[in-house]
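Novice: Here it is, the structure in full.
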Amino acid sequence: MTATILDGKALAGRIETELCGEAETFAGVFSRRPRLVVVLVGDMAASASYVKSKAAAAGRVGIDSEVVAMPATASTAELVALVQAIARNEHGPADGILVQLPLPSHVDTVAVLDAVPPDRDVDGFHPENAGLLSQGRPRFIPCTAAGVQRMLIDAAIPTAGKHVVIVGRSDIVGKPLALLLASRPPLGCPPDDTGGCDATVTICHSRSGDIGALTRQADIVVAAVGRPKLITAMMVKPGAAVIDVGINRVDGGLVGDVDYGPVSEVAGWISPVPGGVGPMTVAMLLANTLLAAELRLGKR
Ligand code: NDP
């Protein structure tokens, strides 16, 4: 079997086109464009490059953005104060506020993220938004989890009653994705086998023991760990969907967590790295920013 490639870049492009219309409508009604403010701390090349691509994508759909850069030596108190100032619109209208992770190791990341007001938390990391998601009434869904769900829905990959094994239990990817895929359909929506929900979900982590024994039972495997080639062909059931969230820098290039070539001979669907989940994460950030702008102005 040769897997169907889940082209996240193409899907993100289609989503951007839809969002252009929404941004235009917003600007027409409120006489200004939605606006995203990003806090970038330190000089990590990867973080700078992610921020650049988020700002470029925002511009493409008609969202203004500003990057507020801070030195790597900034303290927790300085960063909390900065986020609070941004929330008071001291850096211009801030419909969405995003703190690019990771922060330097001396900084209390939770304290900085908690300073982002929950109604502008476009990354969906605030405990209020995490709580809403866990109760099945999401507002801002963490972008990578939302992107993976959207990818499954777009490819009409069945999730209802299917077994999903997610490797990785972080608050930003594994955990919210598990909640999303195991959730009931949104209120008022009829049951839908390919609705990105109603799945039976297993979460694995570094203490899980024989992960292969679990992934081999899975209809959908999601790898969100940060270890190249962690998921091998032997670990995948023929015909399963394999979603690779991992981003690893190897020999100057980017690879995921999945041993792509051999796994694509076994899987039914596979997402590449780059060009898979990464662009979807950015597209979902833009969607969350538009939602934040509309919520702030009382439209939704
Ligand atoms: P974290 O480091 O926060 O979490 C990694 C998870 O993997 C943890 O739950 C950890 O277990 C688990 N883990 C580590 N080693 C193993 C192992 N050998 N077997 C099984 N599980 C293991 O990472 P993130 O969730 O933030 O990111 C995961 C990957 O996804 C990274 O490569 C990151 O760069 C990428 N990423 C990609 C995005 C995209 O847009 N494509 C967006 C965000 C992240 P434990 O909890 O026990 O430590």
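A short reminder: the numbers here are calculations on the coordinates, not readings from a lab. Just so you know, these numbers come straight off a predicted model, no measurement behind them. Cβ atoms come from the backbone with ideal geometry, glycine included; neighbour counts cover every protein chain shown.
Novice: Between ALA240, ALA45, ALA146, where does the largest GNM mean-square fluctuation fall for the chain, given springs only between Cα atoms within less than 10 Å?
Specialist: ALA45
Novice: While we're looking at this one, here's another question. In region 1-97, which trypsin sites (Lys or Arg not before Pro) are in a loop and have at most 15 other Cβ atoms within 10 Å, using DSSP for the loop call?
Specialist: Of the trypsin sites (Lys or Arg not before Pro), the ones in loops of region 1-97 whose Cβ has at most 15 other Cβ atoms within 10 Å are ARG32, ARG88.
Novice: Here's something else I'd like to know. Below 17 Å, Cα to Cα, which lysines can LYS229 reach? Residues fewer than 8 away in the same chain don't count.
Specialist: Within the straight-line cut-off, LYS229 pairs with LYS237.
Novice: Magnitude of the Cβ-charge dipole of region 142-278, K/R +1 and D/E -1, about the Cα centre, nearest 20 debye?
Specialist: 320
Novice: Short version: ³J(HN,Hα) in whole Hz for each residue of region 39-49, in order, from phi by Karplus 6.51 cos²θ - 1.76 cosθ + 1.60 (θ = phi - 60°), x for Gly and Pro, what are they?
Specialist: The phi angles translate into 9, 10, 10, x, 10, 5, 4, 5, 4, 4, 6 Hz.
Novice: Once you put a point 7 Å from the Cα of ILE5 and another 7 Å from the Cα of ASP171, both along the Cβ direction, what distance in nm separates them?
Specialist: 3.6
Novice: Using a Gaussian network model of the chain whose springs link C-alpha atoms within less than 10 Å, name the residue from LEU214, LEU40, LEU101 with the highest mean-square fluctuation.
Specialist: LEU101
Novice: Still on this structure: HIS91 to ASP193: extension gain in nm, 0.36 nm per residue of separation minus the Cα-Cα distance?
Specialist: So the chain would gain 32.2 nm between HIS91 and ASP193.
Novice: Given R₀ = 30 Å, FRET efficiency for GLU18-SER208 by Cβ-Cβ distance, to 0.05?
Specialist: After rounding to 0.05, the efficiency reads 0.20.
Novice: In degrees, nearest 10, range 0 to 90: what is the angle between the Cα axis of helix 8-30 and the longest Cα principal axis of the chain?
Specialist: Roughly 30 degrees between the two axes.
Novice: List LEU254, LEU36 from most exposed to least, where exposure is judged by having the fewest other Cβ atoms within 10 Å.
Specialist: In order of increasing Cβ crowding within 10 Å: LEU254, LEU36.
Novice: Take the chain, connect every pair of alpha-carbon atoms lying under 10 Å apart with a spring to form a Gaussian network, then pick out the residue of MET151, MET284, MET235 with the largest mean-square fluctuation.
Specialist: Greatest mean-square fluctuation among the candidates belongs to MET235.
Novice: Something else about it: In what order do ASP108, ASP257, ASP95 fall by count of nearby beta-carbon atoms within 10 Å, going from fewest to most?
Specialist: Lowest to highest Cβ neighbour count: ASP108, ASP257, ASP95.
Novice: Straight-line reach from LYS52: which aspartates and glutamates fall under 20 Å, measuring Cα to Cα and dropping same-chain residues less than 8 apart?
Specialist: Counting by Cα, and skipping residues close in sequence, LYS52 has these aspartates and glutamates nearby: GLU16, ASP43, ASP64, GLU66, ASP95, ASP121, ASP123.
Novice: Can you spot the aspartates and glutamates whose alpha carbon is less than 19 Å from LYS9's alpha carbon? Ignore those fewer than 8 places along the same chain.
Specialist: Straight-line reach from LYS9, under 19 Å: GLU18, ASP154, ASP244, ASP257.
Novice: Which value, in debye to the nearest 20, gives the size of the charge dipole of the chain about its Cα centre, when Lys and Arg are +1 and Asp and Glu are -1 at the Cβ?
Specialist: That gives the chain a dipole magnitude of about 180 debye.
Novice: So which trypsin sites (Lys or Arg not before Pro) in region 140-217 pass both tests, a DSSP loop state and at most 10 other Cβ atoms within 10 Å of the Cβ?
Specialist: Answer by residue number: ARG207.
Novice: Based on the alpha carbon coordinates of region 25-165, what radius of gyration and maximum Cα-Cα distance (Dmax) apply, in Å?
Specialist: My reading of the Cα-based Rg and Dmax gives 16.6, 49 Å.
Novice: OK, next. Grab the eigenvalues of the alpha-carbon gyration tensor for the chain, scale each by 5, take roots, and send me the semi-axes largest first in whole angstrom.
Specialist: They are 32, 22, 18 Å, listed largest first.
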